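The values are calculated or read from the model by the stated rules, or taken from the named source; none is laboratory data. None of the values given here were measured: they were computed from a predicted structure. Reconstructed Cβ throughout: ideal geometry from the backbone, glycine too, with neighbour counts over all protein chains shown.
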Amino acid sequence: MERNVALFVGTIIVALGCVTIYQVSESQDREAADRGAQARAWHARNKTTKAGLLCETHAGWTPEACDAIAGAKVQMGMTKEQVKLAWGKPRGMNETVAAGVDREQWVYPSDYLYFDHGVLTSIQTSR
């Protein structure tokens, strides 16, 4: 009942603006529920796989990150811990501090990985 009253009052004061905000909120709720359902289905299918066990052990990780790690791949947005699990310890590390941004470079045999604030933001591959 409170939601209906608030929506009604908002509609009177702001015309249709409040209705639009309410509809966006419902859409976002549906999208979040869909993502949750997809994640639960993925977990059910992958209980015994390497990726499934990784995600079970690290509850906050996405299924995409767990799949990548299980396949020895890295992707943007991974943490340092995730990259180490996927590719192992880097051959070398370099750190740069410029304009308030801490950037770290990890050196692998044919790739350079760049982290900003502990998150993988770019990959450079030698040819």
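When each of Gln75, Gln82 is tested for being at pLDDT 90 or above, in a helix (DSSP H, G or I) and either over 15 Å from Leu113 (Cα atoms) or not acidic (Asp, Glu) (or both), the lone residue that passes is Gln82. The number of residues in the stretch 85-117 being in contact (Cβ under 8 Å) with a residue 12 or more places away in the chain and exposed (fewer than 12 other Cβ atoms within 10 Å of the Cβ) comes to 6.
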